[in-house]
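Let me begin by presenting the structure, written as structure tokens, before commenting on it.
The values are calculated or read from the model by the stated rules, or taken from the named source; none is laboratory data. This structure is a prediction, so every number in the text was calculated from the model and none was measured. Positions of Cβ are generated from backbone atoms using ideal geometry, with glycine treated the same way; all protein chains shown enter the neighbour counts.
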Amino acid sequence: MCGIVGVVSHQPVNQLLYDALLLLQHRGQDAAGIATNHSSMFSMHKANGLVRDVFRTRNMRSLMGNSGIGHCRYPTAGSSSEEEAQPFYVNAPFGITLAHNGNLTNWEQLKQDMFKNDRRHINTDSDSEVLLNVLAHEIQKATTGYSLEPSTLFEAVTVLNRRVEGGYAAVAQIADVGLLGFRDPHGIRPLCYGILEGEQGTEYMLASESVALEGAGFRFVRDVLPGEAVFIDAENKLHSRICADNPSLNPCVFEYVYLARPDSVIDGASVYNTRLKMGEYLAEKIKREGLADDIDVVMPIPDSSRPAAIQLALRLGKEYREGFIKNRYIGRTFIMPGQALRKKSVRQKLNAIGDEFKGKNVLLVDDSIVRGTTSREIVQMARDSGAKKVIFASAAPPVLYPNVYGIDMPTRDELIAHGRTVEEVCKEITADALVYQDLDDLKRSISDVNPALTSFEASCFDGKYITGNVSADYLDRIENARHNPKDKGSTGEDAGRTQLNLNYATTEA
């Protein structure tokens, strides 16, 4: 998971890109980068760190031009080299910069093909660089003259979609030609675009989430469709085409559970409203399991579980209270590498208000339980603050399987629900009771908000890989590389995708 943005304007875009990346900071806290196009030249600055730390005044002044792209990178347990910060650049054909969100499941084979057949050298272990070179090669093959027509570009993206497997969304700037955005044929990773009408004409922005558009003053138009490419040419005209043979929409459910901001709309479904629905369905399950009468107060684990907890409390007729205060200057523990660092950060990140817990039976609501480190510490904090009983509820089902499409999931020995019953997980996190959302109810939470959404990428919950090309050997190889980072050949979008050898199922889209 990363944040990507592309802008075509009549004014310098450096500030627009910076502001959009700030709004997408939750999607990646490891590195950030911006590349702009000016007078047939690219200007680029990228480095490890938060957006606010990467860019200084001198960097912003150097980013000249009225079009460009930006990226904020999601930290993983793999490589965090600045060489793999994005955007990436190739000088032929035309000169192209690219920023990518997702993970290519066949990037290793593509890298070999690039070297043996396409005569292209890949300099890092990032699949984003592979994606850029595939795009560049197909553009070069499809181009017959010195200009690049939209139809030629769409032909190149069509071939790219046939060669590339996985979940991906990307923005690419082609020097003096235009801005390109495209999304994988399964619609796993999000991408949308908006416009800004001004005196000088229409300006365009593409971004991972609608919140980036709205925060920059752009009007959200629509999501980029699965397998669709959107191109804004040098004359500021927008062109689009479906560049896939059999596209289907299967958005990642984890975007709605945890990854996206609640004020975003993804594929026609308000993230906030889907989380409210998650709370409603979770409340019904708590009633079915006979736990409602034991609850005095409902509390969220801030921030992403708050909408679910509010609606859950309303449905149960219980008091809703804020028992934990969040330090907003500590990163997300889910995406922090290293168990010790995550455990230490929990109490730095959250502080309990003791009076809200004393003598009460407390229902704690979180968006999900992945490793269990945070959950265990929070349960203990509630007990230390005087809670009589601690019931824990997850707005998502148990995380049982690896994700191979751009979300960093723990290895088998870290994934708390793997190989354990609900009762055993409850014991591990030291709660008095534990309730997980049912997967069907999670999907209904999204479909209720947008009935057009009927199919989802939910492999971390059900083990069904929508691209149909994920083998047990592939999962074994990636898990081995996670445990042995010196063994190259298993890094994804930001290096080091965590996968495991589990019983799994595959399904064709």
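Residues being more than 27 Å from Leu475 (Cα to Cα), surrounded by fewer than 17 Cβ atoms within 10 Å (Cβ to Cβ) and among the hydroxyl-bearing types (Ser, Thr, Tyr) are entirely absent from segment 92-102. Restricting attention to segment 426-454, and to residues there that are among the β-branched types (Val, Ile, Thr) and assigned to a loop (DSSP other than H, G, I, E, B), which single residue is surrounded by the most Cβ atoms within 10 Å (Cβ to Cβ)? Filtering first and then ranking leaves Ile429.
Residue selection: Asp223 fails the criterion of being surrounded by fewer than 19 Cβ atoms within 10 Å (Cβ to Cβ) and either in the same structural domain as Leu153 (by TED's automatic domain parsing) or closer than 26 Å to Gln25 by Cα (or both). Against the numbered list (1) under 22 Å from Asp367 (Cβ atoms); (2) out of contact with any helix residue (DSSP H, G or I) (no Cβ under 9 Å at 6 or more places or on another chain); (3) modelled with pLDDT under 95; (4) not aromatic (Phe, Trp, Tyr), Lys486 comes up short only at (1).
Among the strands (runs of 3 or more DSSP E) confined to segment 7-91, the ones with at least 2 residues that are out of contact with any Ser or Thr (no Cβ under 7 Å at 6 or more places or on another chain) and crowded, with 21+ Cβ neighbours inside 10 Å are located at 31-38, 67-73. Is segment 310-324 home to any residue that is among the acidic types (Asp, Glu), in a loop (DSSP other than H, G, I, E, B), on the phi < 0 side of the Ramachandran plot and within 28 Å of the chain's Cα centre (by Cα)? For segment 310-324, residues among the acidic types (Asp, Glu), in a loop (DSSP other than H, G, I, E, B), on the phi < 0 side of the Ramachandran plot and within 28 Å of the chain's Cα centre (by Cα): present. Looking at (1) among the polar types (S, T, N, Q); (2) within 27 Å of Val253 (Cα to Cα); (3) surrounded by fewer than 17 Cβ atoms within 10 Å (Cβ to Cβ); (4) modelled with pLDDT of 90 or more, find the lone condition where Asn351 falls short. It fails just one condition, (2). From the list Phe55, Phe88, the lone residue that is in contact with a Leu (Cβ under 7 Å, 6 or more places away or on another chain), among the aromatic types (Phe, Trp, Tyr) and assigned by TED's automatic domain parsing to the domain that holds Asn14 is Phe88. Filtered by the rule that a residue be within 28 Å of Ser264 (Cβ to Cβ) and either in a helix (DSSP H, G or I) or under 18 Å from the mean Cα position of the chain (by Cα) (or both), segment 456-478 gives Phe456, Glu457, Ala458, Ser459, Cys460, Phe461, Asp462, Tyr465, Ile466, Thr467. Any residue in segment 63-85 that is aromatic (Phe, Trp, Tyr), under 20 Å from the mean Cα position of the chain (by Cα) and closer than 18 Å to Asp125 by Cα? So far as segment 63-85 goes, yes, one or more of its residues are aromatic (Phe, Trp, Tyr), under 20 Å from the mean Cα position of the chain (by Cα) and closer than 18 Å to Asp125 by Cα.
Among the strands (runs of 3 or more DSSP E) lying completely within segment 199-305, list those that include at least 1 residues that are touching a helix residue (DSSP H, G or I) at 6+ places or on another chain (Cβ under 8 Å), among the β-branched types (Val, Ile, Thr) and within 30 Å of Asn351 (Cα to Cα).
On the way: elements: 201-207, 219-223, 228-233, 238-242, 297-300.
Result: 297-300.
For segment 380-425, a residue qualifies if it is under 21 Å from Met299 (Cα atoms), in a loop (DSSP other than H, G, I, E, B), polar (S, T, N, Q) and in contact with a Leu (Cβ under 8 Å, 6 or more places away or on another chain), but none of them does. For segment 468-475, check the following and say yes or no: at least one residue is in contact with a Lys or Arg (Cβ under 6 Å, 6 or more places away or on another chain), modelled with pLDDT under 80 and surrounded by fewer than 20 Cβ atoms within 10 Å (Cβ to Cβ). Checked segment 468-475: no residue is in contact with a Lys or Arg (Cβ under 6 Å, 6 or more places away or on another chain), modelled with pLDDT under 80 and surrounded by fewer than 20 Cβ atoms within 10 Å (Cβ to Cβ).
Within segment 19-35, is there a residue that is more than 17 Å from Glu209 (Cα to Cα), out of contact with any Pro (no Cβ under 9 Å at 6 or more places or on another chain) and not β-branched (Val, Ile, Thr)? The answer is no; no qualifying residue exists.
Met1 passes every criterion in (1) of a type outside the set (S, T, N, Q); (2) at pLDDT below 95; (3) more than 18 Å from Ala207 (Cβ to Cβ) apart from (3).
Within the bounds of segment 160-179, is there any residue that is among the basic types (Lys, Arg), surrounded by 19 or more Cβ atoms within 10 Å (Cβ to Cβ), assigned by TED's automatic domain parsing to the domain that holds Ser9 and within 27 Å of Cys460 (Cβ to Cβ)? No, because not a single residue in segment 160-179 is among the basic types (Lys, Arg), surrounded by 19 or more Cβ atoms within 10 Å (Cβ to Cβ), assigned by TED's automatic domain parsing to the domain that holds Ser9 and within 27 Å of Cys460 (Cβ to Cβ).
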